[in-house]
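Below is one structure, written out as structure tokens; the observations come after it.
Just so it is clear, none of the values below were taken in a lab; they were calculated from the coordinates. Fair warning: this is a prediction, and the values are worked out from it, not measured in the lab. Backbone-built Cβ (ideal geometry, glycine too); neighbour counts: all protein chains shown.
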Amino acid sequence: MNKKNNTKHVEKELTLFLEGELSDAEHQHIQSHLASCERCGQALRELERLPRVLQAFGEIEPSETMFDEIEAQIAQRSQRRFARRKLAWKIGLQFVSVVLIV
Ligand SMILES: [Zn+2]
């Protein structure tokens, strides 16, 4: 394998790297690059520190009401889906009973 220093930097992929969104090969590539590249290693440390920095500001920290809102939205959406499914069931059952009667 070619492991020269002219491989391009992986700073842009670091977010995906941290979120585990990369394939094994890509993950390994970045890991080996990080081991030999001071610049990208530094970038990774910055990224890892970021959530804590944001939390320190207090603004980004998810609030209770935010969770409630998200929960309400999810509930609303799934209720609507459930209602639609219930309707489909009703129609289906009516169809079946009609067929059975006939
Ligand atoms: Zn690099």
Around L14, what is the net charge, scoring Lys/Arg as +1 and Asp/Glu as -1 over all other residues with Cβ under 15 Å from its Cβ?
-3
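Hey, fewest Cβ within 10 Å first, where do L34, L100 land in order?
L100, L34
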Expected unfolding gain across H9-S36 under the 0.36 nm per residue rule, minus the alpha-carbon gap, is 8.6 nm
Whole-Hz Karplus couplings 3J(HN,Hα) for the stretch 69-85, θ = phi - 60° and coefficients 6.51, -1.76, 1.60, Gly and Pro as x, run 5, 4, 4, 4, 5, 5, 4, 4, 5, 6, 5, 5, 5, 5, 4, 5, 5
Checking rank on 25-31, 75-81, with mean other Cβ inside 10 Å and highest first, the result is 25-31, 75-81
Amide H proximity to C37 below 5 Å, modelled H, separation 5+ or other chain, gives none
Provide the per-residue ³J(HN,Hα) series for the stretch 86-92, in order, calculated from phi with Karplus coefficients 6.51, -1.76, 1.60 and θ = phi - 60°, each as a whole number of Hz, with x at glycine and proline positions.
4, 4, 4, 4, 4, 4, x
If you take every residue apart from I91 with its C-beta less than 13 Å away from the C-beta of I91, what net charge results, scoring Lys and Arg +1 and Asp and Glu -1?
+4
Specify whether the C-alpha gyration tensor of the stretch 62-102 places it in the rounded, prolate or oblate class, a ≥ b ≥ c being the square roots of the eigenvalues: rounded for a/c under 1.5, otherwise prolate if a/b is larger than b/c and oblate if not.
prolate
